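Any read-out appearing in this document is the output of simple, stated calculations on the displayed coordinates, not a laboratory observation. From a predicted model like this one, the values you see are computed outputs, not experimental measurements. Heads up, the Cβs are rebuilt from the backbone with ideal geometry, glycines too, and the neighbour counts pull from every protein chain shown.
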């Protein structure tokens, strides 16, 4: 929130596509329309996880990040399909172009949602509500998809607002209503409060925003760490974070969950070879090099560890990344273990050294690509 002698509020819009992957599939495949559709890992074998589900499937309790096997139990007649990320990225690029007609202050959060700062909009419309309506209509007309929008004076409230009237919703929460709204908001609805934190809050007798307001900032920090200070601010409607058009990438990587547990070193190394190829492709597309290589291992009992190694100079070459990951795995103790997931990521990015012009035709990734 910006202030001068007279309070001047930002105009922030949060746009969130409705059941994005599933909606694109239903648009492109008439046989899926009106059906319970689940996009993500298939339930066969050990199964994967749900990326998103159509609203027809959500009526049965199917949710993102849910194991596909559980989704099938809840909705036995659901249709399961694998994602088509290139199709979703192309739609995202079009959505991004629609946003850019109104403002250059766009902060994408994923392929299907973004913050827009329209305090000063390109077309001189002035009303953030009218801009949100125009964007929603353009998405509907040009892409045959629906989006929900939240409009407020800061990012946190706008994001909460966009979820209130889904699908195809629009909710405005003005400055005079923010504190009252936050007081009635269940703690699990606070952005950033996961299940573990929500359960802890409830054990402390903190069920709504009004309960959180009873704690001092020091008490919030003592119980919930750095994010406690953030909760202390936002429950009072204070969120000064600007919309950041170019968010810094903190890490980049890839991981894979296997259809059966890996028990042999040769199998593990073969999977790391494949994962390493994906990581290198992503590094090259984003033109990034990292000084820290991290290995992620998840065992059959869901216990998870990470191991990392840092270098004095940033790297992006396949041999260094894969060899380091294999050494980290070997040194983590892999005798008599069963591994269900392996992942490699790079972080602590440095400037990319000048390299010859690219010879492929992949082009530059949209800012909406993850």
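What is the Cα convex hull volume of region 183-327 when expressed per residue in Å³?
Cα convex hull per residue, to the nearest whole number: 174 Å³.
In whole percent, what relative contact order does region 251-350 give with Cα contacts below 8 Å and a gap of six or more residues?
Value for region 251-350: 47 percent.
Using only alpha carbon positions, build the gyration tensor of region 251-350, then give the equivalent ellipsoid semi-axes as the square roots of 5 times its eigenvalues, largest first, whole angstrom.
23, 13, 11
Report, please, the projected area of region 20-84 averaged over directions, based on the convex hull of its C-alpha atoms, in nm².
3.7
Could you work out [θ]222 nm for the chain from helices alone, using -39500 (n - 2.57) per DSSP H run of at least four and dividing by all its residues? Round to the nearest 500 deg cm²/dmol.
Result for the chain, helices only: -10500 deg cm²/dmol.
Give, in nm to one decimal, the length gained when the segment between residue 281 and residue 69 is fully stretched (0.36 nm per residue of separation minus the Cα-Cα distance).
Contour length minus the Cα-Cα distance gives 73.2 nm.
Assign one of three labels to region 63-191, namely rounded, prolate or oblate, based on the Cα gyration tensor with a ≥ b ≥ c the square roots of its eigenvalues; rounded applies when a/c is under 1.5, prolate when it is not and a/b is larger than b/c, and oblate otherwise.
Verdict is oblate for region 63-191.
How high is the relative contact order of the chain, in percent, counting Cα pairs under 8 Å that sit 6 or more residues apart?
Worked out over the chain, it gives 15 percent.
Can you tell me the length gained on complete extension of the stretch residue 202 to residue 216, counting 0.36 nm per residue apart and subtracting the Cα distance?
3.3 nm
Whole-Å semi-axes of the chain's equivalent ellipsoid, largest first, each the root of 5 times a Cα gyration tensor eigenvalue?
36, 26, 25
Which residues in region 84-108 have a backbone N closer than 20 Å to a point placed 7 Å from the Cα of residue 28 along the Cα-to-Cβ line?
84-98
Taking R0 as 25 Å, what's the FRET efficiency between residue 9 and residue 93 from their Cβ-Cβ distance, rounded to 0.05?
0.20
Taking the Cα atoms of region 142-247, what is the range of coordinates along each of the three principal axes, in descending order and whole Å?
49, 28, 27 Å, listed from the longest principal axis down.
Classify region 178-234: rounded, prolate or oblate, from the alpha-carbon gyration tensor (a ≥ b ≥ c, eigenvalue square roots; a/c under 1.5 rounded; otherwise prolate if a/b is larger than b/c)?
rounded
Please compute the modelled spin-label separation between residue 338 and residue 165, points set 7 Å along Cα→Cβ, answer in nm with one decimal.
Here the answer is 5.1 nm between the modelled labels.
How far apart, in nanometres, would the label points at residue 86 and residue 227 be if each is projected 7 angstrom from Cα along the Cα-to-Cβ direction?
3.7
Which part of region 290-308 falls in the paramagnetic zone of residue 258, meaning amide N under 13 Å from the point 7 Å along Cα-to-beta-carbon?
297-301
Taking each pair of distinct Cα atoms in region 250-303 once, what is the resulting Kirkwood hydrodynamic radius in Å?
Evaluated on region 250-303, it is 12.6 Å.
Hey, what did region 20-84 get for relative contact order, percent, Cα under 8 Å, at least 6 apart?
After rounding, I find 35 percent.
Report the calculated FRET efficiency for residue 110 and residue 265 (r = Cβ-Cβ distance, R0 = 51 Å), to the nearest 0.05.
0.90
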